[in-house]
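**Q** The following block contains the structure, expressed as structure tokens.
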Amino acid sequence: MKKETHIKSYSATELKAKRGASGTNLKKVDAMTDADLERVIAEDEDERDMRPDWTRAKLVFADPKQSVHLRLEQEIIDYFKGQGKGHISRMQSVLKAYVSAHKPHAKG
């Protein structure tokens, strides 16, 4: 099996420095009241007209995934890997679409 070469290791100090590169001042945000946050949102041109309705929101947990050993033809692996990062997720999406298309649909 070919070793993946895009894996990188970072020390705790390096990770902290990378996180620090964010432009968000979290201390300032934490110090704001709900009213302050609402005012800032209302003043933001991109957020101004967005009023989410949380009254019907439901907490949904994804089903846990199961690890499976799967032998695939090299052509399939090459195709999905050739599209870049996330090839496993794309493979899963294709399989999920297949299952959805072949499930018997409930009559309404």
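**Q** Test residue 5 against the stated conditions and say whether it is under 25 Å from the mean Cα position of the chain (by Cα), of a type in the set (S, T, N, Q), in a loop (DSSP other than H, G, I, E, B) and at pLDDT below 85.
**A** yes
**Q** Another question, if that's okay. Mind checking whether some residue in the stretch 45-68 is modelled with pLDDT under 80 and surrounded by 10 or more Cβ atoms within 10 Å (Cβ to Cβ)? Steps first, please.
**A** Keep residues of the stretch 45-68 that are modelled with pLDDT under 80, which gives 47-52.
Subset that is surrounded by 10 or more Cβ atoms within 10 Å (Cβ to Cβ): 47-48.
Within the stretch 45-68, one or more residues are modelled with pLDDT under 80 and surrounded by 10 or more Cβ atoms within 10 Å (Cβ to Cβ).
**Q** Same structure, new question: Quick check on my filter: what residues within the stretch 10-65 are basic (Lys, Arg), more than 30 Å from residue 92 (Cβ to Cβ) and in a helix (DSSP H, G or I)? First the steps, then the outcome.
**A** At the first step, the residues of the stretch 10-65 found to be basic (Lys, Arg) are 16, 18-19, 27-28, 39, 48, 51, 56, 58, 65.
Add one more test, that the residue is more than 30 Å from residue 92 (Cβ to Cβ), and what stays is 16, 27-28, 39, 48, 51.
Answer for the stretch 10-65, where residues must be basic (Lys, Arg), more than 30 Å from residue 92 (Cβ to Cβ) and in a helix (DSSP H, G or I): 16, 27, 28, 39.
**Q** Okay, moving on. Only one of (1) exposed (fewer than 10 other Cβ atoms within 10 Å of the Cβ); (2) in contact with an Asp or Glu (Cβ under 8 Å, 6 or more places away or on another chain) is not met by residue 41, so which one is it?
**A** Unmet for residue 41, out of (1) exposed (fewer than 10 other Cβ atoms within 10 Å of the Cβ); (2) in contact with an Asp or Glu (Cβ under 8 Å, 6 or more places away or on another chain): (1).
**Q** Of the numbered conditions (1) in a loop (DSSP other than H, G, I, E, B); (2) in contact with a Lys or Arg (Cβ under 9 Å, 6 or more places away or on another chain), residue 104 fails exactly one; give the number of that condition.
**A** (2)
The values are calculated or read from the model by the stated rules, or taken from the named source; none is laboratory data. Small disclaimer: the values here were computed from a predicted structure and weren't measured. In this analysis, Cβ positions are derived from the backbone assuming ideal geometry, glycine residues included, and neighbour counts consider all displayed protein chains.
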